[in-house]
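What follows is a set of notes on a single structure, which appears directly below.
The values are calculated or read from the model by the stated rules, or taken from the named source; none is laboratory data. These numbers come from a predicted model, not from an experiment. Note that we place each Cβ from the backbone using ideal geometry, even for glycine, and neighbour counts take in every protein chain shown. The accessibility values were calculated without ligands, DNA or RNA, using every heavy atom of the protein model including side chains. Shrake-Rupley method; radii C 1.70, N 1.55, O 1.52, S 1.80 Å.
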Amino acid sequence: MDPDYKLSLGERVAGMLRNEILSGRLAPGARLNLDDYKTSWDISITPLRDAAKKLEADGLVTISPRKGVFVAKIDSNALFEIRQALEPLITEKATPHIPAQEIEAALKEHRAIEKIVYPARRLERLRKIDDLVHDLVLNHCPNARLARLVIGLRDSIIWCRNTVQHSVPDAFDPSLAEHIAILEALATRDSARAAGAMADHLAATRARTETALAARG
């Protein structure tokens, strides 16, 4: 059974438009031509307009009178300021609580990717595990309210990451060694070292993100 069967048409359309944006296929600032979606999705314009208003409230689009609907600009500075303030702390607090077998499994997954020679296959695997380390510390942080602050940024993180991928296809590659450094610190239960490795990873990711977004315009 379709899990979306209880959703209204407007809610389904909003979800479809959200996926279009979060996929990174649409550049920040690009115009969303609702008439094009009306034709390709074979729906009326009303649910599309309602969806655009919802996505504007969520910060994903901007609606300009007499000009149209545009993909919002990604505020990567604000996003990374929050992540850099919170995720190292979350990592520090989670370190004693993560089951050893979960750390070992994650390390095994990452080290296996180091051995992959073919770029396309390597990229595919890197994409699949990009959230693994971050989810590991979020899932085992004893301060659930702190973890929820970062979990609430998930859409923005995905949007930012996918947008970067369209400009820099191999942007995941540098993260591999950074994630391994975090996992190795977690494995030794060195909270300070793990937090520092997470801070280093986020700083490097922020620099790569800002370069890619500037290149994309």
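Whenever a residue of segment 156-173 is over 17 Å from Gly29 (Cα atoms), its partners that are basic (Lys, Arg), lying with C-beta atoms within less than 6 angstrom and at least six residues away or across chains, give the pairs Ala171/Arg208.
Does segment 41-59 contain at least one residue that is under 29 Å from Thr211 (Cβ atoms), surrounded by fewer than 18 Cβ atoms within 10 Å (Cβ to Cβ) and small (Gly, Ala, Ser)? So far as segment 41-59 goes, yes, one or more of its residues are under 29 Å from Thr211 (Cβ atoms), surrounded by fewer than 18 Cβ atoms within 10 Å (Cβ to Cβ) and small (Gly, Ala, Ser).
Looking only at segment 149-156, decide whether some residue is in a helix (DSSP H, G or I), open to solvent by 40 Å² or more (accessible area, probe 1.4 Å), basic (Lys, Arg) and at pLDDT 95 or above. So far as segment 149-156 goes, no, none of its residues is in a helix (DSSP H, G or I), open to solvent by 40 Å² or more (accessible area, probe 1.4 Å), basic (Lys, Arg) and at pLDDT 95 or above. Look at segment 114-155 and say how many of its residues are more than 14 Å from the chain's Cα centre (by Cα) and of a type in the set (D, E, K, R). Within segment 114-155, residues that are more than 14 Å from the chain's Cα centre (by Cα) and of a type in the set (D, E, K, R) number 8. Residues of segment 159-171 include none that is open to solvent by 70 Å² or more (accessible area, probe 1.4 Å), over 19 Å from Ile74 (Cβ atoms) and modelled with pLDDT of 90 or more.
Of the residues examined, Thr205 is one that is in a helix (DSSP H, G or I), in contact (Cβ under 8 Å) with a residue 40 or more places away in the chain and open to solvent by 20 Å² or more (accessible area, probe 1.4 Å). Based on this model, can you work out whether Arg121 counts as surrounded by fewer than 16 Cβ atoms within 10 Å (Cβ to Cβ), assigned to a loop (DSSP other than H, G, I, E, B) and of a type in the set (D, E, K, R)? Answer is no for this residue.
Only one entry in Lys53, Lys93, Lys73, Lys38 is basic (Lys, Arg) and under 19 Å from Val150 (Cβ atoms), namely Lys93.
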